[in-house]
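K.L.:
Below you'll find the structure I mean.
The values are calculated or read from the model by the stated rules, or taken from the named source; none is laboratory data. Note that this is a predicted model, so its numbers are computed, not measured. We place every Cβ from the backbone using ideal geometry, glycine too, and count neighbours over all the protein chains shown. Calculation scope for accessible area: heavy atoms of the full protein, side chains included, ligands and nucleic acids excluded. Shrake-Rupley method; radii C 1.70, N 1.55, O 1.52, S 1.80 Å.
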Amino acid sequence: PHLAALVLARGGSKGIPLKNIKLLAGVPLIGWVLRAAIDAGVFHSIWVSTDHDEIEKVAKQFGAKVHRRSPEVSQDSSTSLEAITEFLNHHHEVDIVGNIQATSPCLHPSDLIKVADLIQKEGFDSVFSVVRRHQFRWSEVKKGDNKMTEPQNLNPAKRYRRQDWPGELYENGSFYFAKRHLIEKGYLQGGKMAYYEMRAEHSVDIDIDIDWPIAEQRVLSFGYFGKEPLKEVRLLVCSIDGCLTNGRIYVTEDHKEMVSYDYRDIVGIDLLKKRGIQVRLISDRECSKTLSAMQLGCVAKVSVTNKLQVLKDWQEDMGLSWKEVAYLGNEESDVECLKQAGMSGVPADACAAAQKAAGYICKSRGGCGAVREFAEHIFLLLEKVNSARKQ
């Protein structure tokens, strides 16, 4: 049976404009679930259903196919079931739909693999995600009613300790898998049903703007970053023009060049060095005098025609794996380096090709704190590496 992953990503989010492609920890929100779906390796096709050009562009960057949904199922009042049904009407090859929520950025491929087995090998018609919660519920009393609240799932005279109570299962909205015949009858849950219990730390659902900073910390701690485990970064290579500087060159009347840089970026470089991370600089043009004036104390290579070759030479000389190399670039000449490095980033104003190749897109522009921001991102991921080692 053809199992298709389907992410519904309407452009008209009321709470957070274009929420589905807003950057979360340097990655478009939808990118986190698409990465997990692709690496799970269980789907015959992976789709994003959208009505928005920018969402379509991001979806394709992450390797998904795009179904352009009609205006009729793109309204505020439109339901997920209506959008899924429309998708099936256009894709008769699909037998099972795995509807994955774009707002669940801590989803892991291992979850999707196990769910695919439940529906393909064990014969369930529908499988949905739940999370276990230890919360006591009370009945609601409307204002003005002369009533007392009543306990729903506890005896107040004998309150359970958490360790003595298994808790309850709640839908967390991460995914809903269902077979075609069930959806065509108007159901996402029905027939032979099963739930899949997700780990609490992976159960993150972004709904309102205040969730965003909390979700970023959760995704940095518990998100899925790729098939290979993260490693300690030993080398950061940074493109000079457009990353360390804003890319502008000022020329005086006596033909001297001047550039500007942000002191925050210099602090970022110093912090990296203190953590034992070497910082090296690279440029397409001859800028030796500029570097000398900046007094950064970093190894640098200028007038470079092949940045990837220089990066490979440095990596081999230091005896590093690619997972131990980070790269910050912003132009098409940086694209191959961004793809090769274990950790890659670009400033907010990097070219489209560089943004597509990067794993992290800074909120800061080049020459305006992007190096410092990327350094802090590296530090957060290193905390994740150290935490994994302790476990």
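K.L.:
List, in the order given, every pair from LYS192/LYS339; LYS22/LYS339; LYS289/LYS339; LYS19/LYS147 whose Cα-Cα distance in the structure shown is over 32 Å. Before the final figure, lay out each step's value.
P.N.:
Details: LYS192/LYS339 44 Å; LYS22/LYS339 22 Å; LYS289/LYS339 30 Å; LYS19/LYS147 41 Å.
Where the Cα-Cα span goes over 32 Å, the pairs concerned are LYS192/LYS339; LYS19/LYS147.
K.L.:
Out of all DSSP beta bridges with both ends in the chain, state the antiparallel percent to the nearest 5. Numbers along the way, then the final one.
P.N.:
On the way: 18 of 55 bridges.
So the antiparallel bridges in the chain amount to around 35 percent.
K.L.:
A further question follows. Across the stretch 322-391, what fraction of all alpha-carbon pairs, as a whole percent, falls in each successive 5 Å bin from zero upward?
P.N.:
3, 20, 27, 22, 15, 7, 4, 1
K.L.:
Less than 19 Å apart at the alpha-carbon level, and either on another chain or at least 8 residues along: which aspartates and glutamates does that give for LYS65?
P.N.:
Filter leaves ASP39, ASP51, ASP53, GLU54, GLU56, GLU86, GLU93, ASP95.
K.L.:
Another one. Between GLN120 and GLU72, what's the calculated FRET efficiency when r is the beta-carbon distance and R0 is 41 Å? Round to 0.05.
P.N.:
Values: r = 32 Å, r/R0 = 0.77.
Computed FRET efficiency for GLN120 and GLU72 comes out at 0.85.
K.L.:
Also: Does anyone have the angle between helix 263-274 and the longest principal axis of the chain? Alpha-carbon axes, 0 to 90°, nearest 10?
P.N.:
80 degrees
K.L.:
What is the helix-to-structure angle for 29-40, meaning the angle in degrees between its Cα long axis and the longest Cα principal axis of the chain, kept from 0 to 90 and rounded to the nearest 10?
P.N.:
Long axis of 29-40 versus the principal axis of the chain: about 80 degrees.
K.L.:
Test of understanding: given the chain, find the longest segment containing no GluC sites (Glu not before Pro) that are in a DSSP loop and have at most 13 other Cβ atoms within 10 Å. Mind dumping the intermediate values first?
P.N.:
Details: sites that count: GLU93, GLU122, GLU140, GLU253, GLU286.
Free of exposed loop sites, the longest segment is 141-252.
K.L.:
If R0 is 45 Å, what FRET efficiency do you get for LYS143 and LYS363 from their C-beta distance, rounded to 0.05?
P.N.:
Working: r = 43 Å, r/R0 = 0.95.
Calculated transfer efficiency: 0.60.
K.L.:
Follow-up. Could you report the chain's accessible area per residue, 1.4 Å probe, as an integer in Å²? Walk me through the numbers on the way to the answer.
P.N.:
On the way: 19720 Å² over 391 residues.
For the chain, the solvent-accessible area averages 50 Å² per residue.
K.L.:
Would you mind telling me the share, in percent, of accessible area of the stretch 235-389 contributed by carbon and sulfur at probe 1.4 angstrom?
P.N.:
Values: 3430 of 7430 Å².
Looking at the stretch 235-389 in its full context, I get 46 percent from C and S.
K.L.:
Another one. Convex hull over the Cα atoms of the chain, averaged projected area in nm²?
P.N.:
Details: hull surface 105.3 nm².
Computing the convex hull of the Cα atoms and averaging its projections yields 26.3 nm².
K.L.:
Okay, moving on. Modelled label-to-label distance, LYS60 and LEU380, 7 Å Cα→beta-carbon offset: nm?
P.N.:
3.0 nm
K.L.:
Counting Lys +1, Arg +1, Asp -1, Glu -1, what net charge surrounds MET198 among other residues with beta carbon under 12 Å of its beta carbon?
P.N.:
Values: positive: LYS114, ARG132, ARG133, ARG199; negative: ASP111, GLU171, GLU197, GLU201, ASP205.
Taking every other residue near MET198 into account, the sum is -1.
K.L.:
Now for a separate question. Residues with amide H under 5 Å of LYS301's amide H, sequence separation 5 or more or different chain, H placed in the peptide plane at 1.01 Å from N; which?
P.N.:
HN-HN under 5 Å from LYS301: LEU281, ILE282, SER283.
K.L.:
Further question: Determine the share of the stretch 131-216's accessible area contributed by carbon and sulfur atoms, expressed in whole percent, with a 1.4 angstrom probe. Numbers along the way, then the final one.
P.N.:
Working: 2960 of 6050 Å².
Percent of accessible area from carbon and sulfur atoms in the stretch 131-216: 49.
K.L.:
Could you name the aspartates and glutamates whose alpha carbon sits less than 12 Å from that of LYS114, not counting residues in the same chain fewer than 8 places away?
P.N.:
In chain and number order, the partners are GLU122, GLU197.
K.L.:
Hey, another quick one. With viscosity set to 0.692 mPa s at 37 °C, what whole-number translational diffusion coefficient in µm²/s follows for the stretch 235-389 from Stokes-Einstein and a Kirkwood radius over Cα pairs? Please report the intermediate quantities before stating the final value.
P.N.:
Details: Rh = 15.5 Å.
Calculated translational D: 212 µm²/s.
K.L.:
Rounded to the nearest 0.05, what FRET efficiency is calculated for ASP317 and SER292 with R0 set to 25 Å and r the Cβ-Cβ distance?
P.N.:
Details: r = 23 Å, r/R0 = 0.92.
The computed FRET efficiency comes out at 0.60.
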